[in-house]
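A quick write-up on the structure given underneath.
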Amino acid sequence: ANALSLPLKKDSFDALVSFRFFFHFQDIVPFLKEFTRVIKKDGFIIFETLNWSFRTIGGNKFWNFLGGRLYIHNKKEIEDICKKLGLAIVERKDLFLLTPFMYKYLPTFLTKLLFSLEKYFPFFLTVSFWKVKKTLRTKK
């Protein structure tokens, strides 16, 4: 299905989860708008955004060998989008000193070390996980 026009009825679901998706798009408003359409009032959308990544630097041609460029969506941008769409931010959790993609290539002891260091370097965490709640009925 097309994520911009889901073949689902309005107000159909209690929750929608979208991971490993938004950072591939510069403009996420159309997706969040469509996701908001299909969840019920007081329903939740859970998603992730990037805070930083080496893949946000440079043009698409440079990063094509890794699947293309990625996009950052900062806290202020997400707050503004949520307000515009009638979504309340319930929770945000920042994780990962390196992009999650990198962790699968690291030895277990190093992964555990990085996880233990996250609490000491919160400003370097690469991913934000968001839980937002639909507070308004959306117009058709």
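The values are calculated or read from the model by the stated rules, or taken from the named source; none is laboratory data. Since the model is a prediction, treat every value here as computed from it, not as a measurement. Please note: Cβ atoms are built from the backbone with ideal geometry, for glycine as well, and neighbour counts cover all protein chains shown. For the accessible areas, the whole protein counts, side chains as well, though only heavy atoms, and no ligand, DNA or RNA atoms are used. Shrake-Rupley method; radii C 1.70, N 1.55, O 1.52, S 1.80 Å.
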Checklist outcome for this item: Within the chain, the percent of DSSP beta bridges that are antiparallel, given to the nearest 5, stands at 70 percent
Checklist outcome for this item: Excluding ligands, DNA and RNA, the carbon-plus-sulfur percentage of the accessible area of the chain with a 1.4 Å probe reads 62 percent
Item to check | Local electrostatic count, Glu48, Cβ distance below 11 Å [Lys/Arg +1, Asp/Glu -1] | outcome: +3
Checklist entry - With +1 on each Lys and Arg Cβ and -1 on each Asp and Glu Cβ, how big is the dipole of the chain about its Cα centre, in debye rounded to the nearest 20? => result 440 debye
Checklist outcome for this item: Taking R0 as 41 Å and r as the Cβ-Cβ distance between Leu6 and Asn74, the FRET efficiency 1/(1 + (r/R0)^6), rounded to the nearest 0.05, comes to 0.95
Item to check | Per-residue [θ]222 nm for the chain (sum of -39500 (n - 2.57) over DSSP H runs n ≥ 4, rounded to 500) | outcome: -7500 deg cm²/dmol
Item to check | Mean-position separation - Cα centroids, the range 19-55 and the range 90-140, in angstrom | outcome: 14 Å
Item to check | Over the chain, relative contact order from alpha-carbon pairs under 8 Å, at least 6 apart, % | outcome: 30 percent
Item to check | Label-point gap, in nm, between Lys119 and Leu106 - each point 7 angstrom along Cα→Cβ | outcome: 1.7 nm
Checklist entry - Out of these labelled values of Cα extents along the principal axes in Å, (i) 54, 30, 30; (ii) 48, 35, 25; (iii) 77, 37, 37, which was calculated from the coordinates shown here? => result (ii)
Item to check | J(HN,Hα) series, the range 110-121, from Karplus relation 6.51 cos²θ - 1.76 cosθ + 1.60, nearest Hz, glycine and proline x | outcome: 6, 4, 4, 4, 4, 4, 5, 7, 4, 5, 8, 9
Item to check | Accessible surface, the chain, averaged per residue in Å² (probe 1.4 Å) | outcome: 63 Å²
